[in-house]
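**Q** The structure follows.
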Amino acid sequence: MTKRGVIGLTREERPAFLATFFGWGLDGFDYMIYTLVIVSLLKAFHLSTAQGGIIGSTTLFVSALGGIIAGTVSDKIGRVKTLAFAIIVYSVFTALSGLATSYGELLVFRAFEGLGFGGEWAVGAVLIAETVSSEKRGKVLGFVQGSWALGWGLAVILSLVLTSILPANLVWRLMFIFGLLPAILVVFVLKKVKEPDAWKKALSKEEAHQGISFWKIFQNGLLRRTVFASLLAVGVQSGYYAIFTWLPTYLKTARHLSIVGSGGYLFVIIAGSFLGYVLSGYINDWIGRKATFALYSIFSGLIVLLYTHFQISNSLMLVLSFPLGFFASGIFSGFGPFLAELFPTEARGAGQGFVYNFGRGIAAFAPAAVGFLAQKYGLAGGISIFGPAAYVLCLIALFFLPETKGTELSPSETVSSRGNDFSA
């Protein structure tokens, strides 16, 4: 009997897992670089916090478009080719950000980075969801999602190393240039990873060739799922980006922690995030998708409020950093299995791409809004406004969505077979 490891992957499933695991991890590495160099960028280009927030929001907003486009394209040309292209785009434009000579150039490069950044998750999540069986889909996607924390940790380590040996005006440029690393992954993706059988069988069916998959998610059979799953994505990502885009800056400016001190807090959060991602996958397979989202939403809102709104000591902040990462990050592990199970194969890429990235597009305004509010109320005030309200929205959206635990991703299931979601 062949050993399958902790999450029970077969030989056929491992290439897709490795591609999505490292793809999402390096995606996190590339994106989180920006959050670590905001302070240096503000000084280098003489920017306000509002302008810094606009760059972050632009990346997220364009990433929403990238996810929608990539998801829809993957329904036609395949998951693997689309994934490889997305990785190349976000890698190249992250590296180009390190060569920017003006605010305008940096804004453009970060926008194109977002295009690939959004596309990678949308396609990668569908690829792995269609490759593994339903009984382990949650935990496998939990491990994939957990790679984001590893990528984030790698970015923090790189920041600490470069900061200790180089001047700040070189550190941020080299950080971005190192973002080219994920492009190496494309060679593996194209050579080793195969298209899921579910997609290949759906493509061979006549209905898979009728129309663009994007429009199918707005038909009556899927419209309700699309609407409320999108609201769920808005809530989760607004809460996350409101705090984590500005967290390093908050620790340095509001809490007056050094780069080494704030790095310690970030590592505690990252450790909590990784464990939160992984355990969330197991919890999703245990108690179901909706109950897991609800549990993580409630605790995320409470901890964000404690972390930013109340006058607590730095020691207590360090303690709270672990559950902050655990819940606010771990909640994302549910999206991969839940969204894949909400939509049929011929519209899965479009559905998953639109829902997750519509949420990201709306949440893109959170960093900019926090940046504007910070000019009057401080970073803590801006963050504490967005967080709890966002997670309340999650709970409302969940009430109108079905439980999907145990759903098999059969290519024979079509939009019409799901019935009218708005019926009683």
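Just so you know, all these numbers are worked out from the coordinates, no wet-lab data involved. Just so we're clear, the structure is a prediction, and the values are computed from it rather than from any experiment. In this analysis, Cβ positions are derived from the backbone assuming ideal geometry, glycine residues included, and neighbour counts consider all displayed protein chains.
**Q** Determine the principal axes of the Cα atoms in region 157-196, then give the extent along each, sorted from largest to smallest and rounded to whole angstroms.
**A** 46, 15, 13
**Q** Calculate, for V187 and T10, the FRET efficiency according to 1/(1 + (r/R0)^6) with r their C-beta to C-beta distance and R0 25 Å; round to the nearest 0.05. Show your work: numbers first, answer last.
**A** On the way: r = 23 Å, r/R0 = 0.92.
Here the calculated transfer efficiency is 0.60.
**Q** 7 Å from Cα along Cα→Cβ at both K43 and V392: what's the point-to-point distance in nm?
**A** The two pseudo-label positions are separated by 4.0 nm.
**Q** Pairs K139/K405; K76/K201; K139/K191: which are spaced more than 19 Å apart, C-alpha to C-alpha? Display every interim value, and only then the final one.
**A** On the way: K139/K405 12 Å; K76/K201 12 Å; K139/K191 26 Å.
Listed pairs above 19 Å: K139/K191.
**Q** I want to verify a result. In a Gaussian network model of the chain, Cα cutoff 10 Å, which of these has the top mean-square fluctuation: T345, T163, T131?
**A** Comparing T345, T163, T131 in the GNM, the peak value goes to T163.
**Q** Give, as a single signed number, the net charge of other residues whose beta carbon lies under 15 Å from the beta carbon of A368, with Lys and Arg counted +1 and Asp and Glu -1.
**A** Values: positive: R110, R360, K376; negative: none.
Counting the neighbours of A368, the net charge comes to +3.
**Q** Pull out the extension gain between D197 and T101, defined as 0.36 nm times the separation in residues minus the alpha carbon to alpha carbon distance; nm, one decimal. Don't skip to the end; give the middle numbers.
**A** Details: separation 96, 0.36 × 96 = 34.56 nm, distance 4.67 nm.
Computed gain between D197 and T101 is 29.9 nm.
**Q** Using the Kyte-Doolittle scale, find the helices of the chain whose mean hydropathy is at least 0.5 and whose Cα atoms extend 15 Å or more along the helix's long axis, counting only whole DSSP H runs.
**A** Details: long enough: 14-44 (44 Å, 1.00); 49-77 (41 Å, 0.97); 79-97 (27 Å, 1.45); 103-131 (42 Å, 0.83); 134-165 (48 Å, 0.88); 220-244 (36 Å, 0.85); 259-287 (39 Å, 1.29); 289-309 (30 Å, 0.95); 314-330 (23 Å, 1.36); 345-363 (27 Å, -0.20); 365-377 (17 Å, 0.78); 379-399 (32 Å, 2.06).
Answer set is 14-44, 49-77, 79-97, 103-131, 134-165, 220-244, 259-287, 289-309, 314-330, 365-377, 379-399.
**Q** For H309 and V108 in the same chain, what is the full-extension length gain: residue separation times 0.36 nm, less their Cα-Cα distance, in nm? Before the final figure, lay out the partial values.
**A** On the way: separation 201, 0.36 × 201 = 72.36 nm, distance 3.42 nm.
Here the segment from H309 to V108 would lengthen by 68.9 nm.
**Q** Within 11 Å, Cβ to Cβ, of K405, how many net charges do the neighbouring residues add up to if Lys/Arg are +1 and Asp/Glu are -1?
**A** Numbers: positive: R137, R289, K290; negative: E135, D285, E341, E403.
Local charge sum for K405: -1.
**Q** Taking 0.36 nm per intervening residue step and subtracting the Cα-Cα distance, what contour gain separates I298 from A50 on full extension? Numbers along the way, then the final one.
**A** Details: separation 248, 0.36 × 248 = 89.28 nm, distance 2.94 nm.
Full extension from I298 to A50 adds 86.3 nm.
**Q** Residues in region 40-70 near a label at Q375, defined as backbone nitrogen under 13 Å from the 7 Å Cα→Cβ point?
**A** It comes to 47-54, nothing else.
**Q** Using every alpha carbon pair in the chain, what percent of pairs falls into each 10 Å bin from 0 up to the bin containing the largest distance?
**A** P(r) over the chain, rounded to whole percents: 5, 24, 35, 24, 10, 2, 0.
**Q** Still on this structure: What is the distance in Å between the Cα centres of region 324-390 and region 78-148?
**A** The two parts, judged by their Cα centres, are 16 Å apart.
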